[in-house]
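Okay, structure first, notes after.
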Amino acid sequence: MARSKKNHDDGHIDETWLIPYADLLTLLLALFIVLFASSEVDSKKLEQMQEAFSVAFNNDQGIIQEYQPQNSTDPQIENLNQTDMNLEELKVKLDTYIKENNLSMELKTKINNESLVITISDNALFNSGSATVKPKFREKLLAISDMLAGYPDYEVVVSGHTDNRPINNREFESNWELSSKRALNCMNILLENDQLNPYMFSAIGYGEYRPVATNTSVEGRAKNRRVEVSIKHPNIADETLSILEQEIK
């Protein structure tokens, strides 16, 4: 009986599958390059990659050329950059004041999420269980208000915080009330400066529910008892969202 004739008498393996496979790899590579380029604002690097792929595909038109990077001088981006610069400038002023007056144990500053946060220890501000600002620290708050006057377009949020030990005296029934009253009293002292616009200010009490340390130690509870003054551009959230939406598009 004659054996059935095989498809490839010459013994070669069918390699026609390599053609669509190579095309698929090429498309995937192009996709990754576009994704990488989308995350960069350096137009020169993008142009170099575009030229390289134009040569590879023997075509000066392609998917990469359709992408146009965001203009690095976009006014919204410039506005965000200017906001950062202004907050850094204010932080330098505050840090200089803190150093010159030996207040490093009572006052601390940090830039966090497009905001400048001034943290004030409750021991510097109040007696235990009280929301009345100590007379000696009033002048410190007024000095801070003088610096804030140079940034009239910024929103200022004063927040009060306590540890988790319950309070129940004749004036306050809970840590909510104590923290709220402390924030309000600090804000009112800041607003004694008539160069500040009350419209840009707000006060809030968080009680024990925004701790920055453990409440199981004396040191941790001391860190949690604080007043924070947060300075931020009023439209920073909207501007950031707008830029992210444009990047996605």
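The values are calculated or read from the model by the stated rules, or taken from the named source; none is laboratory data. Note that this is a predicted model, so its numbers are computed, not measured. Using ideal geometry, Cβ is built from the backbone for each residue, glycine included, and neighbour counts are taken over all protein chains shown.
The figures follow:
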{"quantity": "Criterion: part of a strand (DSSP E or B), under 28 Å from the mean Cα position of the chain (by Cα) and more than 18 Å from R225 (Cβ to Cβ) - qualifying residue of S202, S145", "calculated": "S202"}
{"quantity": "Single condition A124 does not satisfy, out of (1) among the hydrophobic types (A, V, I, L, M, F, W, C); (2) closer than 24 Å to V212 by Cβ; (3) in contact (Cβ under 8 Å) with a residue 24 or more places away in the chain", "calculated": "(3)"}
{"quantity": "Exclusive hit being assigned to a loop (DSSP other than H, G, I, E, B) and of a type in the set (A, V, I, L, M), set A124, A183, A131", "calculated": "A131"}
{"quantity": "Of the criteria (1) surrounded by 14 or more Cβ atoms within 10 Å (Cβ to Cβ); (2) closer than 15 Å to V117 by Cα, which one K181 fails", "calculated": "(2)"}
{"quantity": "Test result for N164, more than 25 Å from P234 (Cα to Cα) and touching a Pro at 6+ places or on another chain (Cβ under 8 Å)", "calculated": "yes"}
{"quantity": "Residue pairs meeting the criteria (Cβ under 7 Å; at least 6 apart or on separate chains; first modelled with pLDDT under 70, in segment 11-37; second aliphatic (A, V, I, L, M))", "calculated": "V34/I63; V34/I64; A37/L46; A37/M49; A37/I64"}
{"quantity": "Lone qualifier among S217, S174 - being assigned by TED's automatic domain parsing to the domain that holds I111 and surrounded by 14 or more Cβ atoms within 10 Å (Cβ to Cβ)", "calculated": "S174"}
{"quantity": "Output for segment 119-137, where each listed residue is among the charged types (D, E, K, R), out of contact with any strand residue (DSSP E or B) (no Cβ under 7 Å at 6 or more places or on another chain) and within 20 Å of E171 (Cβ to Cβ)", "calculated": "K134"}
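So that you can scan it fast, the table gives a plain yes or no per residue for (1) surrounded by fewer than 18 Cβ atoms within 10 Å (Cβ to Cβ); (2) of a type outside the set (A, V, I, L, M); (3) out of contact with any helix residue (DSSP H, G or I) (no Cβ under 8 Å at 6 or more places or on another chain):
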| position | (1), (2), (3) |
| --- | --- |
| E88 | yes, yes, yes |
| Y97 | yes, yes, no |
| N102 | yes, yes, yes |
| I120 | no, no, no |
| L125 | no, no, no |
